[in-house]
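Participant: Before anything else, here's the structure in question.
The values are calculated or read from the model by the stated rules, or taken from the named source; none is laboratory data. Worth saying up front: this structure is predicted, and the values here are computed from it rather than measured. As a convention, Cβ positions derive from the backbone with ideal geometry for all residues, glycine included, and neighbour counts pool all protein chains shown.
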Amino acid sequence: MTAIWHNTGVKWEVLKAAGFPDEAALHTLVQEAPHLLPLSGSPRLVVLGREVRLGTGYADLIAIEPSSRLAIIEVKLGRNAEARRAVVAQVLTYAAHLHRLDREVLERDVLGSHLRKLGQDSLAAAVQAKDEEGTFDADEFNEKLAECLEEGRFRLVLVLDEAPPELVKLVGYLESAANLVIDLVTVAAYDVKGSRVLVPQRIDPEHTSVEAARPAYKNGNKGTYADGADSFAATIEKSPEEQRPMLRKLFDWAVTLEQKGVAELTTYHGKTRSLLLVHIPGEEAGFVTVWNEHGAALQVWRTVFQRLAPDAIASIEKLLGDDRLGQGNNVKNITDELLAALANVYEKAASTAAA
């Protein structure tokens, strides 16, 4: 068990967890910040709905991974012994209800009202709205989602403030014997000098996970990834001749950022396009993605700016001119001034992350 120590001025003592006032507080925390959960495989969850009707019960939260796997999340407090014992039965019942459900029925009858609250009309649209790479393919996502539903491949997530040994043992048995992916996560809360400090921890029972033998496509796509930018460079010479100068300029710009240590480069090859992912070190996202799809373009990601460089949005939008700093917008008017400003944003974001 993780312990937090503090200095009283006289000696070091273990800080006592403050806990949560009720289940609703922990429930809301998970809903608003699912990225805090240390899940196996480190997927990015998109929360779709709270208190989702499944059969005769209501799942606390339903989320989905970019790989198309649905996540059923149940939240309980350790002091509620009866609920704690029932949590495994609950989550398995919800998984059984979703098993072999038609994708269109899921979107229309089960999650329809929740999707409308998000301003979306489909699961693919909800995931694409959170995409920060530009590799999302709706058709492939829907195909994989139908497979997951048919095969019953779900992620079951149990979130508690503390996990009793019998629950840890049960989860380990189920994950290994029943071919399931189950994440048992504890979230401890502490009050430190007026600030709320959270310590999320994945409890990993001693078992051999079958998940390692079942690779999933990153972000639900069937394309291929390659570290670095070399394979992206090879695609430039196969592009229309008039597009090559801009592609080379964008390639050199991204490589310079990598050499400065303010960006990490990955190449993605899809059916019709190749992308150069310009990620911020320590993040699985970047401010822009370089596109080569019958020509050059920059794809800009507003959510990344909002999260990591909100002060730069106004100046970048001014440089974009007629283009808009939206979520996944393709920018064609790429000036040296814009590239210099974007480089400055990457440098500031990298220095902040390292501080």
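Participant: Just a yes or no: is a residue in segment 28-35 over 16 Å from the mean Cα position of the chain (by Cα), of a type in the set (S, T, N, Q) and at pLDDT 90 or above?
Facilitator: Checked against the condition, which is being over 16 Å from the mean Cα position of the chain (by Cα), of a type in the set (S, T, N, Q) and at pLDDT 90 or above, segment 28-35 yields at least one hit.
Participant: Would you check which residues across segment 274-297 are in contact (Cβ under 8 Å) with a residue 60 or more places away in the chain and among the charged types (D, E, K, R) and list them? Spell out how you get there, then give the answer.
Facilitator: Just the residues of segment 274-297 that are in contact (Cβ under 8 Å) with a residue 60 or more places away in the chain, to begin with: 275, 277-278, 280-287, 289, 291-292.
The answer is GLU283, GLU284.
Participant: Can you name every one of the strands (runs of 3 or more DSSP E) wholly within segment 248-334 that holds 3 or more residues which are modelled with pLDDT of 85 or more? Before you say what the answer is, go through the steps one by one.
Facilitator: Values: elements: 264-269, 274-279, 288-292, 296-301, 327-331.
The qualifying strands (runs of 3 or more DSSP E) are 264-269, 274-279, 288-292, 296-301.
Participant: Among LEU118, LEU149, LEU123, LEU145, which is the only one that is assigned by TED's automatic domain parsing to the domain that holds ALA71, over 15 Å from SER67 (Cβ atoms) and in contact (Cβ under 8 Å) with a residue 24 or more places away in the chain?
Facilitator: Details: LEU149 fails: over 15 Å from SER67 (Cβ atoms); LEU123 fails: over 15 Å from SER67 (Cβ atoms); LEU145 fails: over 15 Å from SER67 (Cβ atoms).
When all the criteria are applied, what remains is LEU118.
Participant: Moving to a separate point now. Please go through segment 1-32 and pick out each residue that is exposed (fewer than 13 other Cβ atoms within 10 Å of the Cβ) and among the aliphatic types (A, V, I, L, M).
Facilitator: Within segment 1-32, MET1, ALA3, VAL10, VAL14, ALA24 qualify.
Participant: Within segment 162-189, how many residues turn out to be modelled with pLDDT of 90 or more and either farther than 17 Å from PRO34 by Cβ or not assigned by TED's automatic domain parsing to the domain that holds ILE62 (or both)?
Facilitator: 1
Participant: Quick one: would you say ALA254 is in contact (Cβ under 8 Å) with a residue 60 or more places away in the chain and either on the phi < 0 side of the Ramachandran plot or not assigned by TED's automatic domain parsing to the domain that holds GLU241 (or both)?
Facilitator: Working: in contact (Cβ under 8 Å) with a residue 60 or more places away in the chain: no; either on the phi < 0 side of the Ramachandran plot or not assigned by TED's automatic domain parsing to the domain that holds GLU241 (or both): yes.
In short, no.
Participant: While we're on this one: PRO66 versus (1) modelled with pLDDT of 95 or more; (2) not in a helix (DSSP H, G or I): which is the lone unmet condition?
Facilitator: Among (1) modelled with pLDDT of 95 or more; (2) not in a helix (DSSP H, G or I), PRO66 violates only (1).
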